[in-house]
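Just below is one structure, and these are the notes that go with it.
Laboratory data are not the source of any read-out in this text; all were calculated from the coordinates shown. The shown structure was predicted, so the numbers you read here are calculated from the model rather than taken from an experiment. In this analysis, Cβ positions are derived from the backbone assuming ideal geometry, glycine residues included, and neighbour counts consider all displayed protein chains.
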Amino acid sequence: MQIGLKTPSDGTNSFLGSAIASLASALTLLIFLLIFFGNPTPGRAIPAFARKYGLPCSACHEAWPMLNVFGQTFKDNGYQLMNDRDSPIWQNPSYWPATFRMTPNWHRESTSQVAIDTANGGQVPEEVTSNGFDLSGLDFHTGGTLYKNYSFYLLPSSDNTGAFHFETVMARIDNIGNSPWFNFKLGKFELDNIISEKRILTLSNEGGYYQLYHFIPLGDSNVFGQMGDNQLGAELMGHSLNDRTRYSVALLSSNDGNVNLSSKNAYSGFVTASQAFDAGYQGGVDRVGAYAFFGNAPTYTLTSYGQPVTSVGNKPFNREGVFALIYVKKLDFSLFYQHGWDNAYFATSTPSNVPLPPGAQATSWNGGFVETHYVFNPQVIFIQRDEFVRMSQQAFNTTPGNNSNINAYTFGFRYYPFMFSRAGFAYHAEYALVQQKGAAPLTFTQLNTSSVFLGFDFAF
Amino acid sequence: MLGTVAVLLLGITCWAQQTEYSEQQRLNMESHVGNMTGHATIGAPIYKRFCIGCHGVVGDGQGENAMWIDPKPRNFTIAIFRCRSTPTGTLPTDTDLYDTVGRGMLNSNMPHWLPLTNQDRVDLVAYVKHFSPRWLTEKPGTPIVIPPEPPVTADRIKEGRAVFQKMECWKCHGVTGRGNGPSAATLTDDENRPILPFNFHDSQRFKCGETDAAMYKDFMTGLDGSPMPSFADNLKPDEAWELVMYLRTLQPEDTVEKQIAKQIGLKPLEPNGQLPETPATPAPAGNPAGEKSTNSSGTK
């Protein structure tokens, strides 16, 4: 992997820049040629469940991995079609509900200001741009029914060095009392976000997540209020037969999904409800809903002989907002709004067993994003997202009002050349830019980070 | 020589134009359900997204997944459909197809497509119809009339068992209704593929719906394309309802019929054709008239 330090006097980097631009152009051209002169076949499916049911992957996914309304219903039914052929007894015994997904790629990362060490022991801010071929992490999905109305999901996931952790581990019981309104799951799972970050269509370092699902103001230490991270807990979820109306209530340990009771007796809750309807513009089923994520989380960690024992000093936090999915023929829009609030102890990174600094107060912010998809057909999708976070109250009144504000822009497209019910493949191209006020080290000015990402995303 | 070539070219051109015309004509296909109108051209991309893997590009039931699926996907090109409100041998109504898309087919890979919008389902129906030229030349049959369901009584349930015997339902469905009758292993569908009779102990639902009226309809219309014939010429309406009541006693969940059957000690048939004797017992207490709650369509 090449690393270039871009400075005005560095002639090498102008050559490097040209080389990068040429490579990026060539790859982009290649992808476009493959799209427009390739031999596309009708769009089909995602592997594990598609293999079981023989449905095209486009049946469940607007463009995999993003679910459409039918896929959401299938998921909400506990990975069942509800046709009395869901239990594994109906499958060939050799069937294993397993899928792996990975994305070899070329990407370029640029950061406008990095604190670079100098020979005399100091630091200077410099722009750093790195590019080269790379790997994504590996997702190894297994999931499905254990029996009628009993299902599981197990997702060992690695980073790109091969270090594994359990991203999702859960078992669920569905249709309790023969009613779709009562489904219960226990384990580590994604919060019931209809706009799912785990099924996001963008993959780059800067564009591969929703800022608001992880946002913490600068200087804030509340890592527990991240609704984009899978959490440990239990969830009761219910829905109407056609999934138009749905709700869920989850009780979670406030440990950000980390095992071994890493926080002491701290719990949070996530509740959401939504209603779908047909606005009559074709393209899909529209939906509006609201959510709230609230609770207590620790502010410091007890240690024994220097080793962490458990985290204590619980203080409150909350995130709440609304969301919508709107379909207009081949266009659709995912809309999301959040209001967030963190206790002053989090806001100032102060352990709750010491006094707050003078003038310290809770932080709050508002933010939102609009993600637009143009689904040319089930095999070609264009993606664009604008996301904004605006602070409404800083931890100290002396902090500039726009400190921590974020503007994030992402553009991308995915092309699925041959999808069928046994495997998936996508050409992926993406550009993302994130700007955050006050985040630059040393200068505390705006930090700009960007990603260019070209890859082959495959699943089998 | 030149004349022969010219005639051949003319013939080919006419045939091609005719084919193209027919395809275009079929793409103009509409469907009507309630006050909704579906269009085949709008249904085409929906079909390609959701249905093509099983039912195939040309609707012949030969999608890429068809070889792995049992029962096999429906072949739309011959326009023969199991679940209809119309007499056997006739085309179903648009509403019949719309309901099937929304309900799915029990014990098959066809899920219920209720999550789609109603308009999507109507458009899909129009596109499904476009696969067969029958829809250009024939009209759907007239839906059968379903009389109101009479109250459930022990006598009617016993009569239903007698009908089960008389109509020889047990030959396919088995004396206990488990789909294991003596003919079961020999049954084939209209495309000569092996097919299993329905096992009434499997589910509270039926192939074409979960209401009593749906089952009544199955008897009177038959399930075209399968060995299940129409009994419209052989069964009186009362007999059909009695058969419904008897078959409800076989299903896994608790029903009024099942309670009554238990109280009267109703036993399965004897395959030699003799009905086992059952002591006459009145309807259970708390349900003096033996009535069950139904609406006008017989829905429980």
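Brief remarks on what is shown
- Pairwise centroid distance, computed over Cα atoms, of the range A:299-339 with the range B:96-172, Å: 48 Å
- Inter-label distance, nm, simple model (7 Å from Cα along the C-beta direction), A:V354/A:N377: 6.3 nm
- Normalising the average separation of contacting C-alpha pairs (under 8 angstrom, six or more residues apart) by the number of residues puts the relative contact order of the range A:100-192 at 19 percent.
- Value of relative contact order over the range B:30-137, rounded to a whole percent, pairs C-alpha under 8 Å and six or more apart: 36 percent
- Gap separating the Cα centres of the range A:58-103 and the range A:344-388, nearest whole Å: 31 Å
- Estimated distance in nm for a label pair at B:W68 and A:V259, the labels positioned 7 Å out from Cα along Cα-to-Cβ: 3.1 nm
- Note on B:103-111: average number of Cβ atoms from other chains within 10 Å of each residue's Cβ is 5.
- Placing dummy labels 7 Å off each Cα toward the beta-carbon, the span from A:N160 to A:Q393 is 4.1 nm.
- Separation of alpha-carbon centers, the range A:117-137 and the range B:211-273, rounded to whole Å: 77 Å
- Averaged over the residues of peptide A:49-55, the number of Cβ atoms from other protein chains lying within 10 Å of each residue's Cβ is 5.
- Rounded to 0.05, the FRET efficiency of the B:Q24 and A:R422 pair, given R0 = 30 Å and the Cβ-Cβ distance, is 0.30.
- Pairwise Lys count, the range B:154-264 - Cα closer than 18 Å, eight or more residues apart or different chains: 7
- Per residue of peptide A:399-405, the mean number of Cβ atoms on other chains within 10 Å of the residue Cβ is 0.
- Ordering of A:256-263, B:137-144, A:72-79 by burial proxy (mean other Cβ atoms within 10 Å per residue, highest first): A:72-79, A:256-263, B:137-144
- Shape of the range A:2-459, Cα gyration tensor, a/c cut at 1.5: oblate
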